[in-house]
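K.L.:
Would you mind keeping the following structure in view while I ask a few things?
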Amino acid sequence: MGAVQRTLSDIALAVQRIYGEAIDPLEERFAFERRPGESEIAGAPTVLFLGNHSSGKSTFINHLLAAPVQKTGLAPTDDTFTVLMNGAEEDREGQAAVSDPTLPFGDLKSFGPEFLSHFRVKLRSTEVLREVTLIDSPGMIDARGEGSDRGYDFAGAVRWFAERADVVFVFFDAEKPGTTGETLQVFTQSLRGIDHKLLIVMNKMDRFESLQDFARAYGSLCWNLGKIIPRKDLPHIFTTYLPVDGAAPPALPARDFEGTREELIREVRRAPARRIDNLITQLEEHAQRLYVHARVIDEARRNLRRFGAKLWTLLVFLILFAGLAGAITITTHQEWWIPAVIFGGAALVAYAGSFVIRGLIRGSERQIVAGLSDIFERLYARELLVRDRVEDLRALWGKVHPHLRHALEKVGVRAFPKLRAEERDRLAGAVETEIPALRAQLHRELKHSP
Ligand SMILES: Nc1nc2c(ncn2[C@@H]2O[C@H](COP(=O)(O)OP(=O)(O)OP(=O)(O)O)[C@@H](O)[C@H]2O)c(=O)[nH]1
Ligand SMILES: [Mg+2]
């Protein structure tokens, strides 16, 4: 293992440790969303290849592996999701691949038998695969409506892979830069929120006869992407071509396109570093959300307890006062019915009062749950004054609030435990010190790596 790999695996271990020490003890007690599992964290860095049919995904993979592992061709010959990973040469088809407990694909069973007949794992012992796992995918069909004929949830399956991948290539065929049907569905449903992993590739640049053809195709790809990518700025488009046996030599100057090909290969090799970066980001976001979640719950619980304590104390004083008054009437030999009325009244107040108080507490609980944002504003009043953090904090609250509210409505404020000081300090330490230190370590290492 090289020095970089060692640092990366040290950081991955530190991420596991922080989950174990600072997050796991709180997660269940505070009904928080599940954190990524051990297998997800320890899994190999992954590169996913998406793209139109015949855009060159499989050709690029073969080029990377320097071996004809994937079928290529102009006719739609391969409509499977193929995972290429390191191991003694062997192919596993759908059901066998998802049932193997040593492979991290058990969850894919939920996509059904039709999907499984379009899923396979190829184990190969290749240098590249020792560092990254590659996933080839069925070409997206570029006609509206056709996507629904696959017989399984294609966009859902793409999302499953894309969420776990560290780099996602989206290939377009320079000759057919259209983006309707499945491409639209995949961009809007499967890739939403993960644009930081996307690399858009316009392949087959060698096919252009003239600069004009190229300009026209590039323009139309931009136009089409602009319609389906919900952002203001257009992502970078990598323009390249792949060496193919028997293809005519490129008419346009090829040097830049070849340079871009090398760049794309470097992006594949950088997947392990990206994975660690993604792991740290995921941990950071999870820890920040949990911190806000637990603090707001703790404060809500404290407010409710304070309210309840006040009412119960009032009732106890009332009863004590009545008891005292009753005792005085007895010791001063008042008529028999006077202490009887006082004691009877006190018993009645105690009985009815406990009902009233319970009702008031329930009402206050509802109010607290409806006003969680006020609690957040109070708890974070100081941080919300620091201008550059306001937007981040509000976005964080926007993510935490719906789930938190749901949890409190479901099980009630009183069902939650106290957030102990040492638990809070450990989580704060992770968010404020440990996680930023991990990120700094990663950046230091990457700066020094070749
Ligand atoms: N001239 C030229 N041909 C290419 C290039 N890339 C791929 N091809 C050819 O295009 C055809 C389709 O390539 P594939 O790699 O099979 O495309 P794919 O994206 O895997 O297609 P599906 O698996 O059907 O989705 C093959 O015949 C390749 O030889 C390229 O850059 N230039
Ligand atoms: Mg293919």
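K.L.:
Please list, ordered by first then second residue, the pairs with beta carbon atoms under 9 Å, 6 or more apart or interchain, first in segment 57-74 and under 23 Å from M202 (Cβ atoms), second among the aromatic types (F, W, Y) and not in a loop (DSSP other than H, G, I, E, B).
P.N.:
Partner pairs satisfying both residue conditions: K57/F49; K57/F169; K57/F171; S58/F49; F60/F49; F60/F169; F60/F171; I61/F49.
K.L.:
Have a look at D374, D392 and point out the one that is at pLDDT below 90 and either over 18 Å from A31 (Cβ atoms) or outside any helix (DSSP H, G or I) (or both).
P.N.:
D392
K.L.:
Among the residues of segment 195-245, which ones are among the acidic types (D, E) and away from ligand 1 (no atom under 15 Å from the Cβ)?
P.N.:
D195, D233 - these are the residues of segment 195-245 that are among the acidic types (D, E) and away from ligand 1 (no atom under 15 Å from the Cβ).
K.L.:
Additional query: Which residues, counting only those in segment 41-65, are in a helix (DSSP H, G or I) and either within 8 Å of ligand 1 (Cβ to nearest atom) or closer than 16 Å to R266 by Cα (or both)?
P.N.:
Passing the criteria: K57, S58, T59, F60, I61, N62, H63, L64, L65.
K.L.:
Of G226, G178, G193, G156, which residue is part of a loop (DSSP other than H, G, I, E, B) and within 26 Å of the chain's Cα centre (by Cα)?
P.N.:
G193
K.L.:
Another question about this same structure. For segment 75-99, give me the residue count where each residue is within 14 Å of ligand 1 (Cβ to nearest atom) and either out of contact with any His (no Cβ under 9 Å at 6 or more places or on another chain) or within 23 Å of D166 (Cβ to Cβ) (or both).
P.N.:
Residues that pass the stated criteria total 7.
K.L.:
Might you check whether a residue that is modelled with pLDDT of 90 or more, surrounded by 19 or more Cβ atoms within 10 Å (Cβ to Cβ) and touching an Asp or Glu at 6+ places or on another chain (Cβ under 6 Å) occurs anywhere in segment 172-195?
P.N.:
There is no residue in segment 172-195 that is modelled with pLDDT of 90 or more, surrounded by 19 or more Cβ atoms within 10 Å (Cβ to Cβ) and touching an Asp or Glu at 6+ places or on another chain (Cβ under 6 Å).
K.L.:
If the requirement is being in the same structural domain as E299 (by TED's automatic domain parsing), charged (D, E, K, R) and within 21 Å of R305 (Cβ to Cβ), which of these qualifies: R382, R362?
P.N.:
R362
K.L.:
Next up: Tell me, please, whether a residue that is modelled with pLDDT of 90 or more, loosely packed, with under 14 Cβ neighbours inside 10 Å and more than 9 Å from ligand 2 (Cβ to nearest atom) can be found in segment 51-66.
P.N.:
Within segment 51-66 (the criterion being modelled with pLDDT of 90 or more, loosely packed, with under 14 Cβ neighbours inside 10 Å and more than 9 Å from ligand 2 (Cβ to nearest atom)), the answer is yes, since at least one residue qualifies.
K.L.:
Here are some conditions: (1) within 24 Å of G181 (Cβ to Cβ); (2) away from ligand 1 (no atom under 16 Å from the Cβ); (3) assigned to a loop (DSSP other than H, G, I, E, B); (4) of a type outside the set (A, V, I, L, M, F, W, C). T102 meets all but one. Which one does it not meet?
P.N.:
All conditions are met except number (1).
K.L.:
Follow-up. When both residues are 6+ apart or on different chains and their Cβ atoms are under 6 Å apart, which pairs have a first residue that lies in segment 107-118 and is surrounded by 12 or more Cβ atoms within 10 Å (Cβ to Cβ) and among the acidic types (D, E), and a second that is outside any helix (DSSP H, G or I) and modelled with pLDDT under 95?
P.N.:
E114/G151; E114/Y152
The values are calculated or read from the model by the stated rules, or taken from the named source; none is laboratory data. The structure displayed is predicted, hence computed values, not measured ones. Neighbour counts are summed over all protein chains in view; Cβ atoms, including those assigned to glycine, are modelled from backbone coordinates with ideal geometry.
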